[in-house]
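Report on the following structure.
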Amino acid sequence: MTYNAQSSPITGLIIAGPTASGKSAAALAAAIKFNGVVINADSMQVYREFRTLTSRPSDKDEAKVSHKLYGTLSVTESFNVGKWRKLALMEIKKAFDQSFLPIICGGTGLYLKALVDGLAPMPPIPGIVRAEIQERLVREGSESLHAELVTRGDKMADRLAPGDSQRVSRALEVLISTGKSLSAWQKMPVIAATNQFQFKTILLDPPRKELYEACGKRFENMIKEGAVDEVKMFEQLNVCSNQPASRILGVPEISAYLAGEHDLADAVAKAQQATRRYAKRQMTWFRNQIIPDLHIKGQYSKSIRSQIFSFIIANRLTHLS
């Protein structure tokens, strides 16, 4: 089957779900069947240095169908949701123009929400303010910056974990630069996506026990496939500790192991626990923030594939030839 790019508006397929739910496999199968292009919507799979720890599609899978925005950036480069959205819309339009079905695959809820609903306007941050906040972050730690948000009465303090250095520092630099909370900026009218784009969403939502078991097994496989070596190479780059890549699941725990703070078995156990907690947060976010067009309460498998294919056909009848 081929995707007919002459129809309008441009319709993309979103396959969302928590980590280890089988999103990538589902997207690959759909892309093979329906002449698709898989477009990454995972904030950590953009980094080329971390194929294993981010569960990026393999070279073999990428050879089967075109994959976009995977491993395109170095961990030393800055990236954010606004930049991702711009690139994703370009890839979606390009896929459609070339008669491919755009399949957006990922678990980063903020990216998916920005793609579908648009972005709230964000103020420019003076370089001197950003540099000062980053210097304070290194000197004082994110807990201190979070405490300042609390002292200043910023509502963002209630929404952010004190240890979330990237978001805490972002909230404080916005508050200092504009005198207005980041939460206030986020409530302003969004810079919406053009009506040229529409999306249908499939949500993979496995039972918690099943998902947690998959998270644990996957991390064990990551260790076998070279996750420790990835972290070793990452540490040689001397990337600042507040960079997003430093928070990739498994990186803090393996770094502590390499520093001699605990053995590998403890690192694996701690990383598995962190992964389960992250998956739980993802599930909560998706259930509260997304109303999917197809809600699959299970992990992707061959038995579910026909359900996904039937959904795609039912929603693309005017586009298939």
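For the range 60-68, check the following and say yes or no: at least one residue is open to solvent by 20 Å² or more (accessible area, probe 1.4 Å), part of a loop (DSSP other than H, G, I, E, B) and out of contact with any strand residue (DSSP E or B) (no Cβ under 7 Å at 6 or more places or on another chain).
no
Check the range 253-266 and report whether any residue there is open to solvent by 40 Å² or more (accessible area, probe 1.4 Å), at pLDDT below 95 and either under 21 Å from GLU213 (Cβ atoms) or assigned to a helix (DSSP H, G or I) (or both).
No: zero hits.
Kindly indicate which of SER144, SER99 is over 25 Å from the mean Cα position of the chain (by Cα) and within 18 Å of GLY36 (Cβ to Cβ).
Unique residue meeting the criteria: SER99.
Could you please give the count of residues in the range 271-316 that are touching a strand residue (DSSP E or B) at 6+ places or on another chain (Cβ under 8 Å), part of a helix (DSSP H, G or I) and of a type in the set (A, V, I, L, M, F, W, C)?
Residues in the range 271-316 being touching a strand residue (DSSP E or B) at 6+ places or on another chain (Cβ under 8 Å), part of a helix (DSSP H, G or I) and of a type in the set (A, V, I, L, M, F, W, C): 6 in total.
In this structure, is LEU149 under 30 Å from PHE197 (Cβ atoms) and either aliphatic (A, V, I, L, M) or at pLDDT below 95 (or both)?
no
So, of the residues in the range 69-108 that are open to solvent by less than 10 Å² (accessible area, probe 1.4 Å), in a helix (DSSP H, G or I) and in contact with a helix residue (DSSP H, G or I) (Cβ under 7 Å, 6 or more places away or on another chain), which turns out to be nearest to GLN166 (Cα to Cα)?
If we take residues in the range 69-108 being open to solvent by less than 10 Å² (accessible area, probe 1.4 Å), in a helix (DSSP H, G or I) and in contact with a helix residue (DSSP H, G or I) (Cβ under 7 Å, 6 or more places away or on another chain), then TRP84 is nearest to GLN166 (Cα to Cα).
How many residues are open to solvent by 60 Å² or more (accessible area, probe 1.4 Å), more than 16 Å from ILE291 (Cα to Cα) and either of a type in the set (Val, Ile, Thr) or modelled with pLDDT of 90 or more (or both) when one looks only at the range 109-128?
So the answer is 1.
Conditions tested, residue by residue: (1) out of contact with any Ser or Thr (no Cβ under 7 Å at 6 or more places or on another chain); (2) without any contact (Cβ under 8 Å) to a residue 24 or more places away in the chain.
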position: ILE248; (1), (2): no, no
position: ALA265; (1), (2): yes, yes
position: ARG276; (1), (2): yes, no
position: ALA279; (1), (2): no, no
position: TRP285; (1), (2): yes, no
position: ILE290; (1), (2): no, no
position: LYS297; (1), (2): yes, no
position: ARG305; (1), (2): yes, no
position: ALA314; (1), (2): yes, yes
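Of the numbered conditions (1) surrounded by 15 or more Cβ atoms within 10 Å (Cβ to Cβ); (2) of a type in the set (A, V, I, L, M); (3) at pLDDT below 95, ILE291 satisfies every one except a single condition; which is it?
(1)
Restricting the first residue to the range 162-178 and requiring it to be closer than 16 Å to ALA120 by Cα, which pairs with a second residue that is assigned to a helix (DSSP H, G or I) and aromatic (Phe, Trp, Tyr) meet a Cβ separation below 8 Å and a spacing of at least six or different chains?
Every condition considered, the pairs that remain are VAL174/TRP185; THR178/TRP185.
The values are calculated or read from the model by the stated rules, or taken from the named source; none is laboratory data. All values derive from a computational prediction rather than experimental measurement. Counting neighbours? That spans all protein chains shown, and the Cβs are built from the backbone with ideal geometry, glycine included. Surface accessibility is based on the protein's heavy atoms, side chains included, excluding ligands, DNA and RNA. Shrake-Rupley method; radii C 1.70, N 1.55, O 1.52, S 1.80 Å.
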